[in-house]
Amino acid sequence: MDESYVSSPAAVLTVLCGIGACLFFLEERTRWKLFNYFPPLIFIYAVPAILSNTGVLAKNSVVYDWLGSTVLPMFLVIMLLKVDVASTVRVMGRGVFVMLFGSAGVVIGAPVALLLVKDKLPEDIWKAFGALAGSWIGGTGNMAAVAEGLKTSPEGFGLAVLGDNLVYMIWLPILLASKSFAGIFNRFTRVDAKRIQMLEAAQPRTETGHESVRMRHFLYLLFLGFVCTWAAQALSGRLPAIGPVLTASTWKILLITTMGLLLSLTPARRIPASHELAMALLYIFVANIGAQADVSGLSRSAGWFILACYVWIAVHGAFCVLGAYLLRVDLHSAAIASAANIGGAASAPLVAAHHNEKLVPASILMA
C-alpha cells in the first residue's frame, strides 16, 4: 500500500496539473527575473521529483503509465498537425549532423568514462555502459535490446537505468538553461545570420484568418489524438517484432508519427488551438517525468558509476559543441540535437518548446 500523502489517481493528476498551472500563473503575474534564468519548465520537472522522493507524492501510480502510454502519443499527433514536412526538413538541416556528432560523443565517451573508474567497479560493468549507450543513441527500446544482446545482469541494468535517470535530471535543466547563452554561443560557432532568421520564420502558423477557438475544436483535437493513439496501440501489437530492436513500443511511436504527418496533409491542420493544447499536454508529461525520477538506492559502486556517467555526458556535450562549431549551427538546434540523443521523443520537444516553439515539429522528427 502506498504510504504517500498524495496517492490516488485523481490526486496525483491534480498535483501534476496544478504545479504547471501555478508556475505559469506566477510567471505571468510576478514577472520575476528568476524565470529568465530558470524557466517554469525546470520547476515543472523538479518540483514533482522533490515531492515523489520525499514521500509526499506517490512514486508508483497508474497515472504515470497512462500519461506515458496515452498523453505522450496524443501530444505527438496534435503537435504534428501543423507540420509542413518540407520546411521542417529544411529547418533540421545541419542540426541532424550535430545530433550525429552527439551520438559519436556517446560512443566515444563510454570507454573514456569506463577507463577512469573501472578499478572501482565490477569486471562486467562494461555491459551496463553498453546498455546505457543503447539508450542514449536509440531510446529505451534500444537500451533493452543492447542489454539483452550483452546479457547484462539485472544489477548492471539497474545501474544503467539509475545513471540514465540521474544524468537526465541534471542534463535536461542544463539544456533548458542554455537558452540564456544563445547569443554568446552563436557568436562562438559563427552562425550565419540568415540561419537565425530562418529559425525565427520557421513553421509559421497555418490557420487562415482569425477564427475564434470554439468548444468543438477541442473535441476534434481530442478525438484525433485518442483515435490515433488507440489505432497505434492496436496495430503495434499485431505487427511483427524484428529482432530485439523493433518492438511493439517502437512500432507505436512510428505509427503515431506517421499518422500525425498524414493528418497534417488534410484539413485537420487548420483546426485552431492545436498548438496550445499540445503544449499543455507536454507540460503535464514533463511533470510526469519528474514524478518518476528516483534518486534512492545509491551505493558505493553506484556512486562511481554515476560519476562515470557525468564524465560521459560531458564528452557527449563537447562533441555537440564541436559539431555546432564545425557546422556553424545555433545553440537552439544543438540543444535539441543533444536532447534527441539523450532523451528521445519525450525530451527533444520540450527542449524545443523552451528554446523556440516553432522548432517543436522538427525536434519530433529528429528524435
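The values are calculated or read from the model by the stated rules, or taken from the named source; none is laboratory data. As the structure is a computational prediction, the values presented were derived from the model and not from experiment. Counting neighbours? That spans all protein chains shown, and the Cβs are built from the backbone with ideal geometry, glycine included. The protein model used for the area step is the full one, side chains on, heavy atoms only, and it has no ligands, DNA or RNA in it. Shrake-Rupley method; radii C 1.70, N 1.55, O 1.52, S 1.80 Å.
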The lone condition Tyr45 fails out of (1) modelled with pLDDT of 85 or more; (2) surrounded by 23 or more Cβ atoms within 10 Å (Cβ to Cβ) is (1)
Confirm whether Arg187 is modelled with pLDDT of 80 or more, within 30 Å of Ala268 (Cβ to Cβ) and open to solvent by 50 Å² or more (accessible area, probe 1.4 Å). no
Within the group Ala318, Ala335, Ala308, which residue is of a type outside the set (Val, Ile, Thr), closer than 20 Å to Leu116 by Cβ, at pLDDT 85 or above and crowded, with 24+ Cβ neighbours inside 10 Å? Ala308
Select, from Thr14, Thr54, Thr70, the only residue that is among the β-branched types (Val, Ile, Thr), under 26 Å from Ser274 (Cβ atoms) and open to solvent by 20 Å² or more (accessible area, probe 1.4 Å). Thr14
Does Val77 meet the test of being closer than 19 Å to Glu357 by Cα and either touching a Phe, Trp or Tyr at 6+ places or on another chain (Cβ under 9 Å) or of a type outside the set (Lys, Arg) (or both)? yes
Within segment 27-42, take every residue that is touching a helix residue (DSSP H, G or I) at 6+ places or on another chain (Cβ under 8 Å) and hydrophobic (A, V, I, L, M, F, W, C) and give me the one that is most open to solvent (accessible area, probe 1.4 Å). Trp32
Tell me whether segment 151-165 contains one or more residues that are assigned to a loop (DSSP other than H, G, I, E, B), modelled with pLDDT of 75 or more and closer than 24 Å to Thr250 by Cβ. yes
Limited to segment 280-305, what total is found for residues that are modelled with pLDDT of 80 or more and open to solvent by 10 Å² or more (accessible area, probe 1.4 Å)? 8
What are the residues in segment 226-275 that are crowded, with 20+ Cβ neighbours inside 10 Å and without any contact (Cβ under 8 Å) to a residue 60 or more places away in the chain, if any? Trp251, Leu255
Within segment 116-125, is even one residue surrounded by 19 or more Cβ atoms within 10 Å (Cβ to Cβ), free of Cβ contacts under 8 Å to residues at least 60 places away in the same chain and not acidic (Asp, Glu)? no
Let me spell it out: the conditions are (1) over 30 Å from Arg214 (Cβ atoms); (2) surrounded by 18 or more Cβ atoms within 10 Å (Cβ to Cβ); (3) without any contact (Cβ under 8 Å) to a residue 60 or more places away in the chain, and Ser363 meets all of them except one. Which number is the exception? (1)
Would you mind telling me which numbered condition in (1) at pLDDT below 90; (2) open to solvent by 30 Å² or more (accessible area, probe 1.4 Å) Ala104 fails? (1)
Suppose the filter is at pLDDT below 80, part of a helix (DSSP H, G or I) and farther than 30 Å from Thr266 by Cβ; does Arg195 pass it? yes
